[in-house]
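Read-outs throughout are calculated quantities, based only on the coordinates presented, and are distinct from any laboratory measurement. Fair warning: this is a prediction, and the values are worked out from it, not measured in the lab. No Cβ is skipped: glycine too gets one built from the backbone with ideal geometry, and neighbour counts run over all protein chains shown.
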Amino acid sequence: MSQDTSFFESSMRRILELERGVAGRSRWDSDIKADSSLSLLCILISGLFSVSVLLNTESSIDVGGEVTSGDIWIYSTAVALSWLVASWIILISVVKRTRMAPAFNGRIRLPWFGSTALLGILSSFIMLFLVEWIFDILVISMRWDIVWANRVSVMLGPNLTEAMTQDYLVSENWRIWPIIFLVWAIAGAAYGASNTSVRSFLIGFGLVTVVVFLFAGNPLEANYNIDRVLFRFSLATALSLACFVAMRAYSKRVEEYKVNRAKRNIGLTAVATFFLTIILLDPPEFVKDIAGFLAGFGILESQLELITREGVPPARWGGLLINLIVAAAGCVLGFAIGVVLAFSRQSNLPILKWPGIAVIEIVRSGPLICWLYFAMYLLPDVADPLFTNPEDFDNIVRMMAIFSLFGGCYIAEVIRGGLQAVDSGQKEAALALGLSPMQIKLQVELPNAVRTTLPSIVSVFIGLWKDTTLLFIIEIIDFFRIAKTMANTDLRFLGDFLEPVYFTALVFWVFAFYLSRVSMNVEKGLGLVKEGGGDVA
Amino acid sequence: MNIKSLQNRANIFSSVKVLLAVVVLWAYNNKMLSPSIEAVSSMSRSFVVGGVQQNPAYYDPYSLSSAIIFFFLIFMTLARNEIAPAIRSKNFNINSISLTLSSLIISILVIALSIFGDFSPAKGMPFLLIGAPIILASLLVLDDSEILPVKRLSGLHPLVDWAEGNPGIINTVIIFSAFLGMAFNISFVPPIISSDLSSFFSFILIIMALYVYYQISSEAGNPLTHDQRSSTMVLIIGLPLIIYISTRILFLLHNPDSVTRERWDLSWSFMDMKNTFEINAWPLQPDFPEDTRWQFLFSAILNSARATLLSIVLCTILGVIIGVTRLSSNKLASGLATVYVEVFRNMPLAVLLFLVMLQLGETLPLFSEEANIAGWIYYSNQGLHLPRPETLRIIIALAIVFSLWAWGRYRDRDGIDDSSEALARKSLIWSMALVACLGILLTGDMSLPNYVKTNPNIPGTWTIEEGSSFEVTKAFMALIIGLTLFTASVVAEIVRGSIQALPRGQVEAAVSLGLSPYQRLRLVILPQALRSMIPLLNSQYMNVWKNSSLAIIVAYSDIFYVIFVMMNNVGKLIPLFLLLLVIYQAGSLLISGIMNFYNARVTRVKI
Amino acid sequence: MLAMTMMMLMTTAALAGCAGSDLTDEDVDAAREEGRLAGIAEATPVSTLDTIHDRGMMKCGVKDSQWGMGFADADGVRSGLDIEYCRAVAAAIGLNPDTQIEYILASAGDRFEKLASGEIDVLIRTTTWTTSRDVGLNADFAGMNFFDGQGILIRGDAYPQDAMENTAHNLENAKVCVGTGTTTEGNIADWNTVNSVGMEIVPVADAAEATAELVSGSCDAFTGDMSAMVAKKYTLEAAGDCSDCDLWIAPELLSKEPLGAAVRDMDSDWKDVVTWVWFGMVTAEEMGIDSENYMDADTSNPAVDRLLNQNLGLGTDANPLPATWMQNVLSTSGNYGEAWDNSFCDGSYDGTSGSAAMTGCVLSRVGTANALVSEGGLQFAPPMR
């Protein structure tokens, strides 16, 4: 009997805590019994109200067209739940007559939000509106078939899709799979070597795997072989888990310096993957010759023979592939350019300083669109004689170059701030030890600067990733452009303009969000978190 | 020269890294120099048939040589860095700028020679004009080296002693005369050199680079010498790039291909011609087809400016509200604010703008449905129609607000009175004034949108009467909404970070001193929070200005849109591109200046 | 040390010079002549045909959103009259039309820039032949392959067809979407002024955006080439979208829009190839030769023999067209009628029976300028001899 009461009491206490969180202190704060009975009353009333809303909504929407009864049930449940929360909050505030609570932990008292309860009521209405709108988009008013039908096209571009679906061309998708395996493996290894807990890794990784399988495995409107794709993705998942387990075991057993070296090697492999992607997609001549030579010995003959075939030139790339490659180039090459520019701007030699300042200020003065136009039409004029075959200076190569330059200038500014903050004692000690100026720069100043400014550098990377959406303006067929014109060219789903754009927003958001989470974790890991402040540079 | 030093030298050069660097440098030099040599050849070939110059790429020797050599001289001066210290130092010694002077003299000599000496376009001119920068660079290299033969002859003659004391001048004279000798007799120079000039020059540059590398790595020297040698090294490595850029741009300006020439034509006279497309601008609507391009551009600048200003104001307000809400104790409210910030911070702006525009088009009702709010505001997916007050009354309302503010400043000239009675009185006066202004605006000759059904059978002809309303286009709404939502999330983070960074002790001390909430805000919290906020807000506002160039996605006539269409109508890319850069830079500087001024005011008090 | 090396080099050079010269006046003149030729060569461009063969790929500037002229569907498969023309040109010069064509999207805003800068070899993208384009934009037009006019597609729920008396003159206060950078923009503005209609012109970036605006109701009408309007109406109605839009097309043709392929100025060999591929296709239909029967055609007829077995001097010295170039064209795209049928009709045309025999046509040739001259249209080919 006492156990029941204590369970009842503890749960009531938790409910009261929750109520105080959203609506403030109640008049009957001192009398727990009365308080809890009022809470129960409120919960009951709001529960009944939400059930009525559920039934009402469910009956008011007709099954028809693309809307199934399952969709209606999902929508109604979501609406009912949000009404539950909203009505609960309103009832609490009214019934318990919550008084003015000091807002913001007593730091500021702003006259217009005099009461937590008022704020609570306002936010519950906003939440109501948002939930209704989101679920309406998701299940009722929009047809998502156009997105399912164009999955491959949006990932790889129209040329590679044509190669996959039409008989007169050979499918080139085999070039993508080794990269996918590598990326999965590197991700598993990186998490294994870090100190993320196993549980959080499994939760995150599991979520990603589920999403990938759902996305790739939905048989609706698929124009590719689902079973083979799912099989390969499960192989990749298994590979990733194996790498995670192996790295985790390794890092538990060996000294820290070896773990750090392993982390550095993983980082280098990641950079190498970027170059490997480009080589696999469009192998240069000497790679093809080497592959042909090796294949003559009979080792891995069929795989090497594949490499000797004609590559996919950058003009035929498309979709998410372009966004990823251009963003990766901007980040990797941009970091290198940024370091060079930062050191130039900081040096004492005028021959380095003034050109550095000129380049950084000019590039930063214009919006990125402007520089994309410059790279597309004016840069070829200046740079064409440098290429033995001017055709090599492709659209994509130009975009990679200008993204690197643009990213490099922003990163240079960030690193310059970090360089200025390096303790001069470090530099003096290095000088005393006899290190050359170049060694001092690379091995003392740069690591310190990068460590301090890593969150800002990652936010520049996120900015570069988001800016790859601007490629559509110069008629490069990237993810966003395909999504925009999908509704105009896919004759089966003509006129569904909004769905692909929502999908685009979701995909870009997911990548950017993941990067910002990584940056926060890195920040915490490096011990850079200040007293509650967030870095917003 | 003993064995030990030879061994030292060999050790330095035997490392693989140096070998690799030499190979890369060779390839890079050749790649940059061969197109430059071809470009110089084509630019100096003149052939006049019937009194008309047939080679469009031709430059007269004076312009060609002076352009290339003076462009290089700029970098030479930077590398040598003699002028700035000489100006700064107290005793001015002609020797301290001797190198700069000598390079100037050599340049003028070379230019004069190029005009008066008849150099052949195929070999002579490139040799002269590309060899001259190499000679100038070699002056830097040889500046602190010795001439060995002269040393042996010391004591023979006072002239020789003087020469030994000034090795730089002797080096200069010898090198330059040898160079001139080769230039004048270029056809007699052995074919190894004259047939492949770029390899010859690359070879010379590599030797110079190796020599400077040896100098740098063998003796540490004092920092000044070390800096000089590093500068020289940078100049030698950068020389092919500098030559390439200058010759390439000169070639582009006089390109045989007429379209490229159009593109690089640096004249803005086409902007005085009539514009060929129409735009929709307020407050200065240009008159198509009469107005010139400059006027269209100016209207577009006003368009961009008003979009940017409105976005900045709105995003600051929204950002402050959300940032403060995020710190609230109400879990639901702070949760919603966190969701907002996380969603919009990671959303690409281009996709957001497009999404907003499409969603507005779908969600807002059709114009023929006559959707309105009490007959005052008509909204549809073709735009928003607001009532238009009389201009005079707007001016009166603004004047009232301004005079009230000035009077308040005057009353508080001896110190702000922030007792609760004064605050109550102030808020009363301000609210009365706002009500009065509203009343003034809404009475009198305010015109409401007049929905006219021109032809009752044809819904498309129904319209709002011209001039009866203030129209806000859908494109403007989409741009403002997108920019505001996006930037507000970043501003919210900035505000939250600044407020959270305040030490707790400050607020507790303010409370214990008995300050009222308003006083706490004004005297303790805001000054400290603003100090960290303003620089960050400065960069965000500049981002808003630059992001307004994305208005092309929503077809709003801003600067970039107008220049983009002009670029496609007239092939003059470089002039328009330069205009674009200048305008955006000017805007950024303006915003930066205002924010810096405000920053200076806020940080006047030392904390 | 450096000084020593330099000194040694200079001495060698000087000594070599002193060794006496064996240069004669002829050598000097030969050098001058070489220089002169080099100067002339700078002014004469290389033919695009040679560039294409060196590269092994033909770059065709196309559209991907207009059904019937230049369209790419969800799987990336391209169709349309312009695409057929492009494939015919590639086949004529000896390339494989399935694998050796690179389709580059050229928007209305940057198509001429792409052509002028060399990014595309030929622009076959519903481009109208006008004086200013011919003169000012470094472009040359290779004949007219489609005779179009400008039309207006109107939303019937805003401007009902019967209430408007089936004419576009009553489009008062209409918001009309038009793509920027096109001749349509100028035409509609002129027509609006001349006829005092009172339209409001709304510029949009491209056709996709214009469709979105039309379907959502932000625009009441959309103007462009009549072929594009017909295609837009057909595709919207087939997809069942905008069912309450009640779309109709005004019968007025606001302008002449002769569409043609464009190449760069001063590129005559390439321009001749592009022009005569089209004329060959028209000639084939005039002679009754199509993709099925060209193998068995009667080559004793000298005109047929010239068409199918001679290259008539087309091409450059380095890359002349193969003698059977017209056979390649016919096997790839067929004759003019078959290309039309595959683009606008149901693909069942037999190639020789005339325009009236085409079935399932969204846009019919009968009685329009696009019919053959023998049927009263304007598609005319000069004699191929």
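Taking every DSSP bridge with both residues inside the protein assembly as shown, close to 70 percent are antiparallel. Projected label points at residue B:604 and residue A:261, each 7 Å from Cα along the beta carbon direction, are separated by 6.1 nanometres.
A Förster radius of 60 Å, combined with the Cβ-Cβ distance separating residue C:303 from residue A:289, puts the computed FRET efficiency at roughly 0.75.
Convex hull volume of the Cα atoms of region B:443-584, normalised per residue: 224 Å³. Between residue B:430 and residue B:177, the contour length at 0.36 nm per residue exceeds the Cα-Cα span by 82.6 nm.
Hey, for a label at residue C:194 modelled as a point 7 Å past Cα toward Cβ, could you say which residues of region C:146-186 have their backbone N under 16 Å away? Residues C:149-152, C:168-170, C:183-186 qualify, since their backbone N sits under 16 Å from the label point.
Under a 5 Å amide H cut-off, with hydrogens placed 1.01 Å from N, residue C:58 pairs with C:101, C:102 among residues at least 5 apart or on other chains. How tilted is helix B:526-547 with respect to the longest principal axis of chain B? Cα atoms for both, answer in degrees (0 to 90, nearest 10). Its long axis makes an angle of about 70 degrees. The longest stretch of chain A left intact once loop-based GluC sites (Glu not before Pro) with at most 10 other Cβ atoms within 10 Å are removed from consideration, loops following DSSP, is A:256-530.
As a proxy for reagent exposure, A:441, B:31 were ordered by neighbouring Cβ count within 10 angstrom, fewest first; the result is B:31, A:441. Bridgeable lysines around residue B:331 (alpha carbons under 25 Å apart, same-chain partners fewer than 8 residues away excluded): A:33, A:96, A:524, A:530. Across region A:213-225, computed HN-Hα scalar couplings (Karplus, 6.51 cos²θ - 1.76 cosθ + 1.60, θ = phi - 60°) run 5, 4, 5, 7, x, 5, x, 5, 6, 7, 10, 9, 7 Hz from first to last residue, x flagging Gly and Pro. Quick check on region B:189-347: take the gyration tensor over C-alpha atoms, sort the square-rooted eigenvalues as a ≥ b ≥ c, and tell me if it's rounded (a/c under 1.5), prolate or oblate. Because a/c hits 1.5 or more and a/b fails to exceed b/c, region B:189-347 counts as oblate.
For a test of the definition: using alpha carbon positions, the gyration tensor, and the 1.5 limit on a/c, classify the protein assembly as shown as rounded, prolate or oblate. Oblate. Compared with the direct C-alpha span, the chain from residue A:521 to residue A:246 gains 96.8 nm at full extension, assuming 0.36 nm per residue. Amide H to amide H, with H built 1.01 Å from N, residue B:452 comes under 5 Å of B:463, B:464, B:465, counting only residues 5 or more places away or on other chains.
Distances between placed amide hydrogens fall under 5 Å for residue C:261 paired with C:142, C:145, all partners being 5 or more residues away or on another chain. Its convex hull of Cα atoms gives chain C a direction-averaged projected area, equal to a quarter of the hull surface, of 29.7 nm². Whole-Hz Karplus values for region C:183-195 come out as 5, 4, 4, x, 4, 5, 5, 4, 4, 4, 5, 5, 8 Hz, taken residue by residue from phi with 6.51 cos²θ - 1.76 cosθ + 1.60 and θ = phi - 60°; glycine and proline positions read x. Between residue B:84 and residue B:116, the FRET efficiency from the beta-carbon distance, with R0 = 35 Å, is close to 0.50. Each of A:481, B:45 has some number of other Cβ atoms within 10 Å of its Cβ, and from fewest to most they run B:45, A:481.
Note on residue A:44/residue A:384: beta-carbon distance plugged into 1/(1 + (r/R0)^6) with R0 of 51 Å gives a FRET efficiency of 0.10. For the options C:280, C:313, C:224, a Gaussian network treatment of chain C with springs between C-alpha atoms closer than 10 Å singles out C:313 as fluctuating the most. Of interest is the spacing of the C-alpha centroids, which for region B:394-410 and region A:474-491 amounts to 53 Å.
Computed extension gain for residue B:589 through residue B:63, at 0.36 nm per residue and net of the alpha carbon distance, reaches 185.9 nm. The HN-Hα couplings worked out from phi for region B:352-365 by the Karplus form 6.51 cos²θ - 1.76 cosθ + 1.60 (θ = phi - 60°) are 4, 4, 5, 4, 4, 5, 5, 5, 4, x, 7, 7, 5, x Hz, whole numbers, x standing for Gly and Pro.
Counting every other Cβ atom within 10 Å of each residue's Cβ, C:67, B:430 order from fewest to most as B:430, C:67. Placing a label point 7 Å from the Cα of residue C:256 along the Cα-to-Cβ direction, the residues of region C:208-248 whose backbone N falls under 18 Å of that point are C:225-227. Need one number: % antiparallel among DSSP beta bridges in chain C, to the nearest 5. Beta bridges within chain C, antiparallel portion: roughly 60 percent. Give me the angle, in degrees from 0 to 90, between the Cα long axis of helix C:226-239 and the longest principal axis of the Cα atoms of chain C, rounded to the nearest 10. Computed tilt is about 60 degrees.
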